[in-house]
Amino acid sequence: MDERETSGAPGVAIRSSHGWVSWVSEEDVRRVLTWDLVLAAVRRALEGVSRGPNHPSGAVQPLRTHVPAAGRGQMLIMPGFVNEDAALSTKVLQVFPGFHHSYIFLFHPTEGRLQAMIEGDAITEMRTAAASALATMELHPVLESEAHHEIVAVLGAGKQACVHAQVMAHCYKGAKIRIWARRPEAAEALVLQLRSEGICAESSTTVQEAVKDADIINICTGAAISILKGEWVKPGAHVNSIGALRPNCQEMDEALVKSATIYTDSREQALAGAGDIIKTGATITAEIGEVLLGQHAPPKNCTTIFKSLGLGVQDSVCARLVYDRLLAETE
Ligand SMILES: NC(=O)C1=CN([C@@H]2O[C@H](COP(=O)(O)OP(=O)(O)OC[C@H]3O[C@@H](n4cnc5c(N)ncnc54)[C@H](O)[C@@H]3O)[C@@H](O)[C@H]2O)C=CC1
Ligand SMILES: O=C([O-])C1=[NH+]CCC1
């Protein structure tokens, strides 16, 4: 009998001295994940962070470690554990000039051995957009019947811009998506892709034009200096800010940050790495997990910002989800 038939492990299984280890491709990840599954899993992870490590449904979220590789590039290490999902993993991201690679190492929940190595890009994309969508739905709730009135701006035309447009269209059915990117042809290409998926999208030529009267704004660029000014943002709008993840970087101007009520995925991570908060001295009102748990009621009609840092626990719950769904397919 072929060894792979006896492994019982999904994906391509490798026999190690501790047991079978699965190699899970990007393609398999994209095949088994749906927005509804990822939204539910990321919700458990964010709630777990706010519950803390000692709660039975809590999570353990150490700070991200940055390893500069002597000018060649950088390695980011992102561990996380969510008790409710028996999800223990570490994501390793390699950021080298012209190359980005990410791998998630998922560990066996009771034995601690390596269970799977999962290509990380699809999980990173979907879990980040899911966190933004969960924050948006809490901080900017609208009736289902009113969702098509929403104007959603997306700044950027890369991977995160694409999934943010997709998840916003999933959660706010019929919303109008506006895409702005530095290269107008990139914005146009994303618009065409979104339209081919049945999403109502158009491109804008400036940031100001994209965010004019927008109800929801997603900043999904690599900008290290502020590209969004408070004077352009409609009072009462909600902003998802996922970039500028170093203390010396910023993607929103001080006027915007100071005029808004600020939420984050992790206070600790934000105070360690979010230049938008550190440089402006802004106050974090609550973690989004606290809002999801009903421990904090967001104010009505205020401009809100979700400052997303990206957490290992979000990767952990999605990695466990992917592994368990692939395992179910083999049974
Ligand atoms: N908070 C979180 O959980 C996560 C945050 N990120 C962050 O999201 C951002 C986007 O990531 P991806 O979509 O994966 O990257 P990407 O490389 O696919 O796309 C980046 C986009 O930003 C644009 N861009 C770069 N510099 C710019 C500037 N100075 N001004 C305006 N546009 C600029 C590029 O042209 C491109 O459209 C990055 O800042 C990244 O660090 C990424 C993953 C997770
Ligand atoms: O996966 C992640 O959360 C991040 N990717 C780039 C920086 C943060």
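The values are calculated or read from the model by the stated rules, or taken from the named source; none is laboratory data. Because the structure is a prediction, the values reported are computed rather than measured. Note: ideal-geometry Cβ built from the backbone for every residue, glycine included; neighbour counts use all protein chains shown.
You will find that of SER89, SER57, SER22, SER50, the residue that is over 29 Å from SER7 (Cβ atoms) and touching a residue at least 60 places away in the same chain (Cβ under 8 Å) is SER50 and no other. Checking each residue of segment 269-276 against the condition of being more than 16 Å from ligand 1 (Cβ to nearest atom), within 18 Å of the chain's Cα centre (by Cα) and not assigned by TED's automatic domain parsing to the domain that holds LEU63 gives no match. Take the conditions (1) at pLDDT 95 or above; (2) closer than 22 Å to LEU39 by Cβ; (3) loosely packed, with under 14 Cβ neighbours inside 10 Å; ALA161 misses just one of them, which is (3). The number of residues in segment 186-208 being acidic (Asp, Glu) and either farther than 24 Å from MET137 by Cα or in contact with an Asp or Glu (Cβ under 6 Å, 6 or more places away or on another chain) (or both) comes to 1.
When the criteria are applied in full, SER89 fails the requirement of being assigned to a strand (DSSP E or B), of a type in the set (Gly, Ala, Ser) and out of contact with any helix residue (DSSP H, G or I) (no Cβ under 6 Å at 6 or more places or on another chain). For segment 273-291, filtered to residues that are over 28 Å from ALA40 (Cβ atoms) and of a type in the set (Gly, Ala, Ser), the residue that is surrounded by the fewest Cβ atoms within 10 Å (Cβ to Cβ) is GLY281.
Restricting segment 164-186 to residues that are under 24 Å from HIS101 (Cα atoms) and either buried (at least 23 other Cβ atoms within 10 Å of the Cβ) or under 20 Å from the mean Cα position of the chain (by Cα) (or both) leaves a set whose member that is nearest to ligand 1 (Cβ to nearest atom) is ALA181. Screening ILE288 on (1) in contact with a Phe, Trp or Tyr (Cβ under 9 Å, 6 or more places away or on another chain); (2) away from ligand 1 (no atom under 14 Å from the Cβ) shows it passes everything except condition (2).
Let's see how each residue does on (1) buried (at least 21 other Cβ atoms within 10 Å of the Cβ); (2) in a strand (DSSP E or B):
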site	(1), (2)
LEU76	no, yes
GLU84	no, no
SER102	no, yes
GLU111	no, no
LEU134	yes, no
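Condition check ((1) touching a strand residue (DSSP E or B) at 6+ places or on another chain (Cβ under 6 Å); (2) closer than 30 Å to ILE179 by Cβ) across all residues:
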{"site": "LEU88", "(1), (2)": "yes, no"}
{"site": "GLU111", "(1), (2)": "no, no"}
{"site": "THR128", "(1), (2)": "no, yes"}
{"site": "GLU138", "(1), (2)": "no, yes"}
{"site": "HIS149", "(1), (2)": "no, yes"}
{"site": "HIS164", "(1), (2)": "yes, yes"}
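Residues that are within 15 Å of ligand 1 (Cβ to nearest atom) and β-branched (Val, Ile, Thr) within segment 225-244 comprise ILE225, ILE227, VAL239, ILE242, listed in sequence order. Selection of strands (runs of 3 or more DSSP E) fully inside segment 205-317 by the criterion of at least 3 residues being more than 16 Å from ligand 2 (Cβ to nearest atom) returns 261-264, 284-287. In segment 113-132, the qualifying residues are those that are closer than 18 Å to PHE81 by Cα and in a strand (DSSP E or B), and the one that is nearest to ligand 1 (Cβ to nearest atom) is ILE118.
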